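The values are calculated or read from the model by the stated rules, or taken from the named source; none is laboratory data. The structure presented is a predicted model; accordingly, all values stated were derived computationally and were not measured. Counting neighbours? That spans all protein chains shown, and the Cβs are built from the backbone with ideal geometry, glycine included. Accessible surface is based on the protein model in full, side chains and every heavy atom, while ligands, DNA and RNA are left aside. Shrake-Rupley method; radii C 1.70, N 1.55, O 1.52, S 1.80 Å.
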Amino acid sequence: MSQCYSSGSCEVTALHPGLVQMCVCVIVCLCVLPCRQFETVIPTEDSVITEITMTLRDWGSMWKQLYMVNITHWDLFHRLWHVMNEILELRQQVLVGHLTHDRLSDIKQHITARLDWGNEQLGLDLVPRRDFGMVDPDEISITELYRLVGSHTFTLTRHRRREAPPQASMHHLFLQMKSMMSSNLGEELEVFYSIYDSREMRPISERFFVRLNKQGLPKSPEKTERQCTLFVDLGSSDLRKDVYVVAHIFRIGRMVAGEKKSVSNTQYKRPYGCAVISVADLLTADFKDDHLLKIYSCNAESEWYQIHDSIIRKVSSRYSHIGSNTGLNVSLQLLHGDMEQIRKDYMRLFTRNVSITKRLGFSDIIIPGEIRNDLYVTLERGEFEKGGKSVARNVEVTVYLLGGDGQLLKGLVCCGSGEPGVDEHRSFVLYHSNSPRWAEQIKLPIPLEMFHGTHLRFELRHCSTKEKGEKKLFGFSFVPLMQDDGRPLPDGTHELIVHKCEETADLQDPARYLKLPFSKASLQPGNNQTIKNSKESFWIQSSLCSTKLTQNGDMLDLLKWRVHPDRIIDCLSKLKDIDGTEIVKFLHDTLDTLFGILDESPQRYGLKVFDCLVHVINLLQDSKFQLFKPVMDNYIENHFAGALSYRDLIRVLKWYVDRIIDLFDLICLQASEYLFKYIVQSRRLYAAATGGQNEEEFRCSVHELFKSIHLFLSHESKGISPITHTQAVFLRSFPTVCCELLKIFSMREVANLARDTLSSLPALTHTDCPLQAVKLQCMAKTVESPLYVNPESRCVLLPVVLRLLHTHLQEQRELVLCANILTSMLTLNTPVTVSLKMCVFQGEFVACLLTLLRQLKDKEYQQLLSRFPTKEELTSFLLQLFTVFRILIRPDMFPKDWTVMRLVANNVIITTILYLSDTLRNNFLNEKFDFKVWESYFYLCIIFINQPCLQLEMFPPSKRKKVLEKYGDMRVMIGCEIFSMWQHLGDYKLNLIPTLIGPFMEVTLVPQLDLRNVLIPIFHDMMDCEQRRSGNFKQVEAKLIDKLDGLMSEGKGDETYRELFNNILLKKIERETWRESGVSHIATVTRLMERLLDYRDCMKIGEVDGKTMGCTVNLLNFYKTELNKEEMYIRYIHKLYELHLKAQNYTEASYTLLLYDELLEWTERPLREFLTYPMQSEWQRKECLHLTIIHNFDRGKCWENCIILCRELANQYEAYYDYRNLSKMRMMEASFYDKIMNQQRLEPEFFRVGFYGKKFPFFLRLIILAQYFTDIAVFYRLWLIQFKCYPISLQLIYNL
């Protein structure tokens, strides 16, 4: 039972650049979880709040360090400060608790994104989360933890590389009209925006309508919907260079700009200008951007209808720039995603009533539930006579929408979004044109119930420019919106008849003219009706976008099948030719029709209805209609009423499956998912209506159907064939079929069907067959389905799943899919046994292996190890397992910040090692001793302890505390196990002593006191074993000394270790017979440690001074006199030589290198490659050393020594008759005599410094070389700075 306590915790967060601390005291409710390896106390508050508190504590200290480091980190310092303040503000909002659920989720998502950013910037560990909260690795499987961490890393990597998010399929364009800049407006304006496709030369959106006052500003600034719009549902194909935002501008005023006021007071709508901008120019902007669009006027009004196209194609002869001070000021921004996401991400956009400008027609992806019944009419052009006038007419078209009763339908004529609908629409006027071309679009959102009997009337008027400014009616045209056969007006261009009419009163009764023909196409040959003037015509273009009306005659015939029962076969045959958009618009009605026909006569129409149903189902696989799958699911669940249909569907489906090999008909099995949904739902309806009658008959028919399916699946074909493709199609949908069958059959029954189906597949051996991957994909979906979650059905499926997995893993095929299946299986804690050969040490295989091992208990380990009947097999398994573990704990196994994953893996490995220790003791001791197994075991333990991720001393305090609370110090645990296993070896320790001395020394140097106390006594054990075998332990001593130098130069070990090593071993050998030699050995090693530590401390400073050189001299002398380690002596000679060179002490460097030179003889003894020297003879190396020493003596102006060495080399050259080199050497010797006589030299000064007392380091007993002209007082001050004390005695020695 968890216990809750109220505990005060202090949160300290410094957020001011001046590093002023801000302390907040928080009362936190805590909960103790005792049922773990270590008792854990955790807060019961929201996990996000807990994470914020812990993370900001860590950030606080690191943030201060950024301030102190250097100026290069100041940018991160300030950014982190802002982020920390932002997180604290969001934390306060969460704590207050006055947020909606959606808002709370958004804030948590934002907080975690900020925390992840900061952790990444500061190099902290990755935090695995689920639903914004940190996950406990003990509460989830390792495979699930791996997926969480992996997906989180991918998200961070994509953010770091600034990769674009997955390409959105829907796009929207936000437009805000701000103003029109012009120096001489003086008239009101109307601006119409639309999106235009220049490739297809047609608009692809409705128009957005903005009215501007005489100052060029929106007339209703308080109504944002009048100046802002969102062009919605643009497809990805619309975002290209040849798609433009087009603005057409009209002025409202006199017929001719600049006319005298006395001419006419009538207002006309007249063309003014046009502006365009490419949509592609907006793709790179992630924010709202202002644009000033240039406005162009048309040179000839007759070309106005295509001015935008002329501007786009740069036909400059047709347009001209209005002026440099004229332009449209608009804001534009592209938004990406579906409308639901846009409304969520840009909430402020929709709170101020932005108008929606729809796409003409349906979008690339049709949204279910969308209701539209919009008729778009474009006033194209007209051909009119002068009417007895000397000049051409100024034609204005007025559009009216009238109902079936002849009454005017008000408010249904829309000139564009942004303005409410009006009762009538007046076109713009082209001056003196009998063949005007308008290309002006209007929208008629007519309710469905008003559509029947509705017609459009176009009244044609001549606008006089005389003083009265009359608009005289001279004709009209009309068009009914519904045809006699019940179909709406077809899309396309219609040439309407212009009926003469001069009085408006003649049009008050529509019944009088509705009997007349309305279009030239409706005139039949020999028609006796008199048309006054057939030369005049008026063209319009119509386009219907409706989810309720269809213009397709075949679709209408199918839906009205009961009216023409004799044409049912013909209607069903034509369904496949109907456009998919029409079918999905009437999906509900189409499905009702098909099942109605099936119920009418199953035997006669069964095959045809089945084919049509399959066609409709497969239609939803198209990306354009895929969102209609939920609509079909809803239909099946709530509207489908075919209680008897299951019999005919099973019968016809079996008929097709039995003949599929001959027919190669893939289509029916592509629809198998929804066919089974219909079968299952039909059977459920029948069972509910009859109380479950004919249950056995149904069960038998399903089993017979599956027998046919099994027979088809068992058919084996070579390579890629239609049969193989058909099998793959069915397998992809089979897991969904099983889920449907669970609604009517028991778990075990469906599991048996699934097992038999998967087992019926052919055992393919060739790797190029696509069925291989599909089988595994089917298996993966089955493992993730409820069928596998249930323990009863899982027992049925598990053997066939494991068999298929085992085959693929052995053959190393489809390893990624195999890993996914194993991950899903192990997430459910399913016991699975697979060979270690499957490990590729990548991705989910590692997580799968760790999950398997974590699930194994003592009993399972015994069962696993008992499967190896011989010792050789068990040895091979253990060696392989230890190798796997060594690979798993490599630093490059997981990314650097995956500490959680590393700790979980280490916890599993240490548990496994503890289990396997008994196996080693029981099977590999006494006469069964196996050196390889024991060596591999100890090496694994040593590598485990030395992992960087387990060095808790390097962690921040909070992280160290967290790891210790959850896992303890795993190094100490494994160290105790090493000591225990070493003690069990007995006399077999001798086999491992030379090999493991170095690795054990490396482990004891880890700065963990308990670990050192446990493992240092092993060295006493090694000394004792070696003493009993050889009478001495020189081998142990030699190995320890050899390893110490390398390990301590790497930074391992400290003064505490030296003291601990000395004290523990001295205490251990007190009662040994070989105590004296042991004490001597321990003292030697301890003195070496002391000198190595002094040398390392000096080298850390990085400065070359007497102290560093003194340490090096002490070490090389120690190696020569006390240890007689010539190789180490020579190494430190060269280190001292390098130090002298760096300090420009060339004479001292030569004397140092002379120490190595004196060890060599003038012989031809071959020498191995060593340090920077190649493999060569002893004579050659000594010659090389002589030349180097001569060069440095020369640089140090010690030419007397140069002459001595030159003579020695000359003698050697003379003995070998090498007169060429002898000549060079004599000339070099002569040059040195010249330098002695001609060049000036200064005497160097040396100081002998005396120190008395044991606390002074060894390296202080030396003679210090001073720089030239160094005064003794200056030397005192330098010594005080270095050693914080004055030397006890100081003597200046000249010419030492």
**Asked** Exactly one of (1) modelled with pLDDT under 90; (2) crowded, with 21+ Cβ neighbours inside 10 Å; (3) over 30 Å from the mean Cα position of the chain (by Cα) is unmet by L234. Its number?
**Response** (3)
**Message:** Test of understanding: among R199, R211, which residue is surrounded by fewer than 19 Cβ atoms within 10 Å (Cβ to Cβ), assigned to a strand (DSSP E or B) and of a type in the set (K, R)?
**Reply:** R211
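One line per residue, one yes/no per condition, for (1) more than 15 Å from R902 (Cβ to Cβ); (2) charged (D, E, K, R):
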| position | (1), (2) |
| --- | --- |
| N923 | yes, no |
| V933 | yes, no |
| P948 | no, no |
| L952 | no, no |
| F955 | no, no |
| K966 | no, yes |
**Item:** Pairs, first within 17 Å of Q333 (Cα to Cα) and assigned to a strand (DSSP E or B) in the stretch 171-182, second of a type in the set (D, E) and open to solvent by less than 20 Å² (accessible area, probe 1.4 Å), C-beta under 9 Å, six or more apart
**Value:** H171/D238
**Message:** Give me the helices (runs of 4 or more DSSP H) completely within the stretch 986-1059, filtered to those with at least 1 residues that are closer than 22 Å to N1124 by Cα and among the charged types (D, E, K, R), ordered by residue number.
**Reply:** 1017-1030, 1034-1049
**Prompt:** Has the stretch 949-957 got any residue that is touching an Asp or Glu at 6+ places or on another chain (Cβ under 9 Å) and within 25 Å of T823 (Cα to Cα)?
**Reply:** no
**Request:** Could you please find all residues in the stretch 107-135 being among the charged types (D, E, K, R), open to solvent by less than 50 Å² (accessible area, probe 1.4 Å) and assigned to a helix (DSSP H, G or I)?
**Result:** K108, D116
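Let's see how each residue does on (1) in contact (Cβ under 8 Å) with a residue 60 or more places away in the chain; (2) in a strand (DSSP E or B); (3) in contact with a helix residue (DSSP H, G or I) (Cβ under 9 Å, 6 or more places away or on another chain):
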site	(1), (2), (3)
N265	yes, no, no
K269	yes, yes, no
G273	no, yes, yes
L293	no, yes, no
S297	no, yes, yes
W304	yes, no, no
H308	yes, no, no
**Request:** Select from the stretch 603-654 the residues that are modelled with pLDDT of 85 or more, within 12 Å of I583 (Cβ to Cβ), open to solvent by 10 Å² or more (accessible area, probe 1.4 Å) and not polar (S, T, N, Q) and list them in ascending order.
**Result:** H615, L619
**Message:** If I filter the stretch 524-547 for residues that are closer than 30 Å to F628 by Cα, open to solvent by 10 Å² or more (accessible area, probe 1.4 Å) and either assigned to a loop (DSSP other than H, G, I, E, B) or small (G, A, S) (or both), do I get at least one hit?
**Reply:** yes
**For S179: the one exception among (1) of a type in the set (S, T, Y); (2) in contact with a Lys or Arg (Cβ under 8 Å, 6 or more places away or on another chain); (3) modelled with pLDDT of 85 or more** = (2)
**Request:** Quick one: in the stretch 399-445, of everything that is of a type in the set (V, I, T) and surrounded by 19 or more Cβ atoms within 10 Å (Cβ to Cβ), which residue is farthest from V232 (Cα to Cα)?
**Result:** V429
**Prompt:** From the residues in the stretch 315-334 that are open to solvent by less than 40 Å² (accessible area, probe 1.4 Å) and assigned to a loop (DSSP other than H, G, I, E, B), which one is modelled with the highest pLDDT?
**Reply:** T326
**Of all residues making up the stretch 1169-1203, the number that are open to solvent by 20 Å² or more (accessible area, probe 1.4 Å), out of contact with any strand residue (DSSP E or B) (no Cβ under 9 Å at 6 or more places or on another chain) and closer than 17 Å to A1149 by Cβ** = 12
**Request:** For residues that are assigned to a helix (DSSP H, G or I) and in contact with a Lys or Arg (Cβ under 8 Å, 6 or more places away or on another chain), tally how many sit in the stretch 548-562.
**Result:** 5
**Prompt:** Which of the residues that make up the stretch 694-747 are in contact with a His (Cβ under 9 Å, 6 or more places away or on another chain) and exposed (fewer than 15 other Cβ atoms within 10 Å of the Cβ)?
**Reply:** K718, G719
**Item:** Enumeration of residues in the stretch 667-693 that are small (G, A, S), in a helix (DSSP H, G or I) and open to solvent by 20 Å² or more (accessible area, probe 1.4 Å)
**Value:** A687, A688, A689
**Fill in**
Taking the stretch 938-959 and keeping residues surrounded by 15 or more Cβ atoms within 10 Å (Cβ to Cβ) and either of a type in the set (A, V, I, L, M) or without any contact (Cβ under 8 Å) to a residue 24 or more places away in the chain (or both) leaves L940, I942, I943, I945, L950, L952, F955
**Asked** Hey, K443 hits all of (1) assigned to a loop (DSSP other than H, G, I, E, B); (2) of a type in the set (K, R); (3) in contact with a strand residue (DSSP E or B) (Cβ under 8 Å, 6 or more places away or on another chain) but one; which does it fall short on?
**Response** (1)
**Message:** Between a residue in the stretch 1135-1157 that is farther than 19 Å from M1099 by Cβ and among the aromatic types (F, W, Y) and any residue that is at pLDDT 90 or above and open to solvent by 40 Å² or more (accessible area, probe 1.4 Å), which pairs come within a Cβ distance under 7 Å, given they are 6 or more apart or on different chains?
**Reply:** Y1146/R1195
**Asked** Restricted to the stretch 1115-1168, and to residues that are of a type in the set (D, E) and in a helix (DSSP H, G or I), which residue is least open to solvent (accessible area, probe 1.4 Å)?
**Response** D1157
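This table checks each residue for (1) surrounded by fewer than 20 Cβ atoms within 10 Å (Cβ to Cβ); (2) in contact (Cβ under 8 Å) with a residue 60 or more places away in the chain; (3) within 46 Å of the chain's Cα centre (by Cα).
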{"site": "V963", "(1), (2), (3)": "yes, yes, yes"}
{"site": "T1004", "(1), (2), (3)": "no, no, yes"}
{"site": "Q1008", "(1), (2), (3)": "no, no, yes"}
{"site": "I1016", "(1), (2), (3)": "no, no, no"}
{"site": "F1019", "(1), (2), (3)": "no, no, no"}
{"site": "R1028", "(1), (2), (3)": "yes, no, no"}
**Request:** Within the stretch 335-357, track down each residue that is crowded, with 18+ Cβ neighbours inside 10 Å and either in contact with a Leu (Cβ under 6 Å, 6 or more places away or on another chain) or within 22 Å of K443 (Cβ to Cβ) (or both).
**Result:** I342, V354, S355, T357
**Message:** Here is a check on your reading of the model: is T736 over 26 Å from Y635 (Cα atoms), in contact (Cβ under 8 Å) with a residue 60 or more places away in the chain and not charged (D, E, K, R)?
**Reply:** no
**Request:** For the stretch 1072-1101, name all the residues that are polar (S, T, N, Q) and in a helix (DSSP H, G or I).
**Result:** S1077, S1080, T1084, T1086
**Prompt:** In this structure, does R1220 turn out to be touching an Asp or Glu at 6+ places or on another chain (Cβ under 6 Å), open to solvent by 50 Å² or more (accessible area, probe 1.4 Å) and not polar (S, T, N, Q)?
**Reply:** no
**Asked** In the stretch 582-592, what count of residues is obtained for those that are open to solvent by 10 Å² or more (accessible area, probe 1.4 Å) and assigned to a helix (DSSP H, G or I)?
**Response** 5
